[in-house]
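The structure appears below as structure tokens.
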Amino acid sequence: MTYSFSPLIKRGDSPIVLAQPHGGTDVPLSIWGRFSTVGQALADADWHINRLYDGLLENASVIQTPVHRYVIDTNRDPAGVSLYPGQNTTTLCPLTDFDGQPIYRDGQEPSVDEVEERRAKFHAPYHEAIAEELEHVRQKFGVAILYDCHSIRSRIPFLFEGELPVFNIGTNLGETCTPMIEQITVNACRCDESVKTVVNARFKGGWTTRHYGQPEAGIHAIQMETAQRAYMFEQSPWAYAPERADRTRASLKSILTQLEAQALAGSFSNTTLRR
């Protein structure tokens, strides 16, 4: 592989860091040619995730990866350990899409060595950027909140039954942040009574949330998985729907502004953790 990679970093001046691991659509040509028609559809991106969050909190740092999750999933354990044992899910370098269909043409799947090469080139730099920014923020404000931005199609039978709620909040059963952060997020979502919000249901927080969420060290992490019907059309060409998005953005803005205000006020320091 000769693809040159670096994460996209916007450094802000806030205790909030927005991570966006699945918004990228870049695929190295050497990999693209090995994809099946299913893989080349790139259907499982977190389409428009940057646009959805753009401007909601002007001072927040934003860290994105430009590569598509079919190349490597930067929200998976780099050791390849499943986050949801016993449930259908995708792997570090996925072999199937969210419908269980093969991403690669027969015999073109990545070898163990290639998976490791992709981890070093794509996964590691993204997480080095997150770790560096979280430490920078924590040193400046005494606390850092990693808010992991995700979206997904509303109906994916291979991964979950029925229709996904609009707002799916993950804190790994309360382990990755102080209870107040979880509660602020839940309350802001539930202000819109027309949509459903769940906490630690199908999505409990991916590797990013679980890895960085260390409340006792002043670093909190929370994942927001938003059903894509709330801001876009869920079929190719995956168009953005501004009117839907504006309503959803209002809820997301409320979350982020409240979290920032409480963090700056020192509300998340020396808090009692729920276990």
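The values are calculated or read from the model by the stated rules, or taken from the named source; none is laboratory data. On a predicted model such as this, the values are computed, not experimentally measured, just so you know. Reconstructed Cβ throughout: ideal geometry from the backbone, glycine too, with neighbour counts over all protein chains shown. Please note that ligands, DNA and RNA were not included when accessible areas were found on the heavy atoms of the full protein model with its side chains. Shrake-Rupley method; radii C 1.70, N 1.55, O 1.52, S 1.80 Å.
Ranking 155, 244, 119 from most to least accessible surface, computed with a 1.4 Å probe over the protein chains only, gives 155, 244, 119. Taken about its Cα centre, the chain carries a charge dipole of about 440 debye when Lys and Arg each add +1 at the Cβ and Asp and Glu each add -1 at the Cβ.
Per-residue accessible area (protein heavy atoms, 1.4 Å probe) orders 96, 90 as 96, 90, starting from the largest. In this structure residue 122 has an accessible area near 0 Å², from a 1.4 Å probe over the protein heavy atoms. Run down the lysines and flag those whose C-alpha is under 27 Å from the C-alpha of residue 10, throwing out any fewer than 8 positions away in its chain. Those lysines meeting the cut-off are 121, 140, 204, 253. Here the Kirkwood formula puts the hydrodynamic radius of segment 109-256 at 16.7 Å, using every distinct Cα pair.
Can you tell me the mean projection area, over all orientations, of the convex hull of the chain's alpha carbons? Units nm², please.
Details: hull surface 55.1 nm².
Projected area, direction-averaged: 13.8 nm².
Beta bridges from DSSP with both residues in the chain: antiparallel share about 35 percent, rounded to the nearest 5. With each label modelled as a point 7 angstrom along the Cα→C-beta vector, the residue 238-residue 99 pair spans 1.5 nm.
Please work out whether segment 194-271 counts as rounded, prolate or oblate from its C-alpha gyration tensor, where a ≥ b ≥ c are the square roots of the eigenvalues and a/c under 1.5 means rounded, while otherwise a/b larger than b/c means prolate and anything else oblate? Working shown, then result.
Numbers: a/c = 2.75, a/b = 1.71, b/c = 1.60.
Prolate, because a/c is 1.5 or more and a/b exceeds b/c.
Percent of Cα pairs in segment 1-84 per distance bin of 10 Å, from zero to the largest separation: 16, 41, 33, 10, 1.
Of 67, 112, which has the most accessible area with a 1.4 Å probe, and how do the rest follow in descending order?
From most exposed to least exposed: 112, 67.
Measuring with a 1.4 angstrom probe and ignoring ligands and nucleic acids, residue 105 comes out at about 110 Å² accessible.
Could you compute the net charge surrounding residue 136? Neighbours are other residues with a C-beta less than 14 Å from the C-beta of residue 136; K and R count +1, D and E count -1. With Lys, Arg at +1 and Asp, Glu at -1, the neighbours total -1. Rounded to the nearest 5, the antiparallel percentage of DSSP beta bridges internal to segment 145-247 is 35%. Relative to the longest principal Cα axis of the chain, at what angle does helix 242-264 sit, 0 to 90 degrees, rounded to 10? It is inclined by approximately 50 degrees. Between residue 158 and residue 77, the simple spin-label model (points 7 angstrom out along Cα→Cβ) gives 2.2 nm.
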